[in-house]
1. Test of understanding: what is the full-extension gain from E202 to A290, defined as 0.36 nm times their sequence separation minus their Cα-Cα distance?
2. Among the aspartates and glutamates, select those whose C-alpha is under 15 Å from the C-alpha of K151, and discard any that sit fewer than 8 residues away in the same chain.
3. May I ask you to list the aspartates and glutamates whose Cα is less than 16 Å away from that of K249, ignoring any residue fewer than eight positions away on the same chain?
4. Quick one: if you stick a label point 7 Å off each Cα along the C-beta vector at V100 and D47, how many nm between them?
5. What is the Cα centroid distance between region 106-159 and region 245-293, reported in whole angstrom?
6. Taking all pairs of different Cα atoms in region 96-161, averaging 1/r and flipping that mean, what Kirkwood radius in angstroms comes out?
7. Quick one: which residues, 5 or more positions from V107 or on another chain, have an amide H under 5 Å from its amide H? H modelled 1.01 Å from N in the peptide plane, none for Pro or chain starts.
8. Which percent of the accessible heavy-atom area of region 244-293 goes to carbon and sulfur, probe 1.4 angstrom?
Amino acid sequence: MAAASEHTVLQFVAPSSTATATTSVLTARIHPLVIFNVCDCFVRRPDSAERVIGTLLGSILPDGTVDIRNSYAVPHNEFSDQVAVDIDYHHNMLASHLKVNPKEIIVGWYSTGAGVNGGSALIHDFYAREVTNPIHLTVDTGFTNGEGTIKAFVSSNLSLGDRQLAAQFQEIPVDLRMVDAERVGFDVLKATSVDKLPNDLEGMELTMERLLTLINDVYKYVDSVVEGQTAPDNNIGRFIADAVASLPKLPPQVFDDLVNDSLQDQLLLLYLSSITRTQLSLAEKLNTAAQML
């Protein structure tokens, strides 16, 4: 698909009554796999490409929330006033994804960058023919504000009679859903520069430091409530009680034995995997020497 840009783009960052009236979408719920896919595609982009685009897959919940669970990149080229999208590649990838998970549908598209432009309006028009009211997700891989900002938009056309004047992109709330293990990787990606990815031991150390910080905050809150400096909150009290009740009631010696047994098992697995790699490497060298003879 190739199209020329004659669009005027309006980008709004706060919800308005006109945008709410034109769309039933309330929130874009994004799973971290989508963000990781976008970053990976941006790193692997051609040298001549300034940004990458792709298709968002997921489902629409009964309350209107768009649940974005997967994505794939779509090759495209952008010129001064034209955009070309590889539609055949897009349809082939969609067919492949539907074979694996037929419940996922197209819910929108993504692009890297800090906002929208005239090319975004053309691409959005294409996805509007694929699905009703698509979501446009932007991931700021250039760290314009010091971090990788994630935004979601819906679009509506501003017209005067039969003439289209502009494409209005209205920002909608983003709900990033992730578990603790995924949040560790996401926090690393949000940093502007990383010397190296943390290994398992370093990741555990960071997690334990964060846990100790949270425990200290709970201690301070409880002491403040007991001393009468802070008004008690029943909801917070129930959360703290549930957290304490979820801890296993084990003597310290039994807990240490469990941790040491688990550590020994992991060390044994590492040793066995190291022996396996050594045997495979030795077998490969022997096979190569036999072929040369």
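1. Here the answer is 27.4 nm.
2. Partners within reach: D67, D140, E171, D175.
3. Candidates past the 8-residue exclusion: D257.
4. About 3.1 nm separates the two model spin labels.
5. So the two Cα centres are separated by 46 Å.
6. Values: mean 1/r = 0.0744 Å⁻¹.
Every distinct Cα pair counted, the radius reaches 13.4 Å.
7. When sequence neighbours closer than 5 places are left aside, the close amide H contacts are L56, L57, G58.
8. Working: 3140 of 4800 Å².
Roughly 66 percent of what the probe reaches on region 244-293 is carbon or sulfur.
The values are calculated or read from the model by the stated rules, or taken from the named source; none is laboratory data. Quick caveat: nothing in here was measured; it's all calculated off a predicted structure. Cβ sites come from the backbone with ideal geometry, for glycine too, and all protein chains shown count toward neighbours. Areas reflect the complete protein model, heavy atoms only, side chains present, ligands, DNA and RNA absent. Shrake-Rupley method; radii C 1.70, N 1.55, O 1.52, S 1.80 Å.
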